[in-house]
Amino acid sequence: MSRLGEAIEDYLKAIYMITHEEGSSEEVASTQEIADYLEVSPASASKMLVKLDRMGLVSHEPYKGAKLTTQGQRVALEIIRHHRLIELYLHKMLGYGWEEVHEEAEKLEHYISEQMEERMFAILGKPETDPHGEIIPSTEGSLTQNQERHISNQIPMNELVCPASVIIRQVKTNSREKLTYLRDIGLTPGQEAKVLKKIPFEGGLIVRIGDKEHYLSPSLSKDIFVSPSYDSTCTERNNE
């Protein structure tokens, strides 16, 4: 993929993250959402969206927002692939903590060559997920059917409504404090956990990992995505 420039790639990635990975079911990211995500002014975001529309990377409607075109989504997923491969390489090969890798990957994701990407992918054993359990898109800038199915089978931990045995699949936060806490209690992707109960009124969860019980706040449990383990009998969503 030829480089389009860091700013353009950041906007495309932001739109994808807002519409696909921030708990939204909308195809369109509002101008304000994009501005907030990138920490720029709405006027600056609007100006860039006009440019991206002219380049055929987004479909932009003034005062409303933008959605990615097929070409724009392919670019966004390629940058996300770079980012997540870099995170995994830093974690597995260079000994970075999973709470440290995001900031480094943000700096490097725009600059690695396709050759470096291919070699990282090979040396890491052709991984499917990054250290946080998030899917690594394909080299074509897309998600496979298996990857989409894997994502659709996960639910946020805070939506469990009764005791349930689960497997941690993804942790969707970049907060160093949250990631450090989860690492310290052993709650990482692939780990089995037992959700024991939800605290009335306040909404936090008590979970058991191994032989120890831990408290997860509502703001933390919503960022943890799980799937039922084989012995689970209850993992229904809380629709109240």
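Within region 84-108, which residues are surrounded by fewer than 18 Cβ atoms within 10 Å (Cβ to Cβ) and part of a helix (DSSP H, G or I)? Of everything in region 84-108, those that are surrounded by fewer than 18 Cβ atoms within 10 Å (Cβ to Cβ) and part of a helix (DSSP H, G or I) turn out to be Lys92, Met93, Glu103, Glu104, Glu106, Lys107, Leu108.
Can you pull out every residue in region 164-188 that is assigned to a strand (DSSP E or B) and buried (at least 18 other Cβ atoms within 10 Å of the Cβ)?
Ala164, Ser165, Val166, Ile168, Arg169, Gln170, Val171
Considering region 33-78, and only residues there that are charged (D, E, K, R) and more than 17 Å from Glu6 (Cβ to Cβ), the residue that is modelled with the lowest pLDDT turns out to be Lys64. Residues in region 122-178 that are farther than 21 Å from Pro218 by Cα and small (Gly, Ala, Ser): Ala122, Gly125, Ser138, Gly141, Ser142, Ser152. If you go through region 113-133 and keep only what is surrounded by 17 or more Cβ atoms within 10 Å (Cβ to Cβ) and on the phi < 0 side of the Ramachandran plot, you end up with Glu117, Met120, Phe121, Thr129, Asp130, Pro131, His132. Here the condition is being exposed (fewer than 14 other Cβ atoms within 10 Å of the Cβ) and at pLDDT below 95; of Glu213, Glu202, it holds for Glu202 alone.
Residues in region 91-122 that are more than 24 Å from Arg183 (Cβ to Cβ) and free of Cβ contacts under 8 Å to residues at least 40 places away in the same chain: 10 in all. Of the residues making up region 63-90, those that are free of Cβ contacts under 8 Å to residues at least 40 places away in the same chain and more than 22 Å from Arg119 (Cβ to Cβ) are Tyr63, Lys64, Gly65, Thr69, Thr70, Gln71. For region 126-163, the tally of residues that are among the hydrophobic types (A, V, I, L, M, F, W, C), under 18 Å from Ile80 (Cβ atoms) and assigned to a loop (DSSP other than H, G, I, E, B) stands at 2. For Arg81, the requirement of being within 29 Å of Pro131 (Cα to Cα), basic (Lys, Arg), out of contact with any helix residue (DSSP H, G or I) (no Cβ under 7 Å at 6 or more places or on another chain) and surrounded by 18 or more Cβ atoms within 10 Å (Cβ to Cβ) is met. When His20, His60 are screened for being under 16 Å from the mean Cα position of the chain (by Cα), free of Cβ contacts under 8 Å to residues at least 12 places away in the same chain and surrounded by 14 or more Cβ atoms within 10 Å (Cβ to Cβ), only His20 passes.
The values are calculated or read from the model by the stated rules, or taken from the named source; none is laboratory data. It should be emphasised that the depicted structure is a prediction, and the values quoted were computed from it without experimental measurement. A quick note on method: Cβ atoms are made from the backbone with ideal geometry, for glycine too, and the neighbour counts reach across all protein chains shown.
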